[in-house]
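Working notes for the structure below.
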Amino acid sequence: MENLENIRPLRKIETEKGRENSDAEKIKTRLKEAQVKSDDQHFKKINIDSLNWDTLNALNDCVEKYHDPFPEQVMTQGVKEMMKINPYFHTFRDDKGEAETYVKEFIKLYPDQIKEIIAADPERFYKEGVSGNGAAEKQGEEKIPAAA
């Protein structure tokens, strides 16, 4: 009898994984359709089939919520990653908000270059926080009292 009890949780886990795989396939199909309809060549370069579950969800949220695979949150994350990699950008980091202004200007001046970096490694940039869920909303709430 004990062996049968051990099998039940396994079946439940297998069912949940099957549901997740089914949801992932639905999301992949929607994103591929969005790629076909999109004029954004960088979005079309993202290999949807290679993305993990979290990245798929975040990218799908961006496309559905913002109707844009590269909303401001993702672009900002892309610039910040560039700032970490290139020592030249370290001069723009400070606590006075000037770095944030620079990030916004950089996005305006070089959107294609940023999108190219993001499309090359989407799992690095599409996370739950950038799609407007959870972490990003909490960060936004924390910034408001600090600025006041």
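The values are calculated or read from the model by the stated rules, or taken from the named source; none is laboratory data. Quantities reported herein were computed from a predicted structural model and do not represent experimental measurements. Backbone-built Cβ (ideal geometry, glycine too); neighbour counts: all protein chains shown. SASA here: full protein model, heavy atoms, side chains in, ligands and nucleic acids out. Shrake-Rupley method; radii C 1.70, N 1.55, O 1.52, S 1.80 Å.
Any idea which of (1) part of a loop (DSSP other than H, G, I, E, B); (2) surrounded by fewer than 13 Cβ atoms within 10 Å (Cβ to Cβ); (3) modelled with pLDDT of 75 or more is the one LYS84 doesn't satisfy?
Of the numbered conditions (1) part of a loop (DSSP other than H, G, I, E, B); (2) surrounded by fewer than 13 Cβ atoms within 10 Å (Cβ to Cβ); (3) modelled with pLDDT of 75 or more, the odd one out for LYS84 is (1).
Please go through segment 41-68 and give me each residue that is assigned to a loop (DSSP other than H, G, I, E, B), modelled with pLDDT of 95 or more and more than 17 Å from GLU25 (Cβ to Cβ), ordered by number.
Within segment 41-68, LYS45 is the sole residue that qualifies.
Of the residues in segment 47-67, how many are open to solvent by less than 50 Å² (accessible area, probe 1.4 Å), of a type outside the set (S, T, N, Q) and under 12 Å from the mean Cα position of the chain (by Cα)?
Of the residues in segment 47-67, 7 are open to solvent by less than 50 Å² (accessible area, probe 1.4 Å), of a type outside the set (S, T, N, Q) and under 12 Å from the mean Cα position of the chain (by Cα).
Filtering segment 102-136 down to residues that are at pLDDT below 90 and among the β-branched types (Val, Ile, Thr), which residue is nearest to the chain's Cα centre (by Cα)?
Looking at the filtered set, the residue picked out is VAL130.
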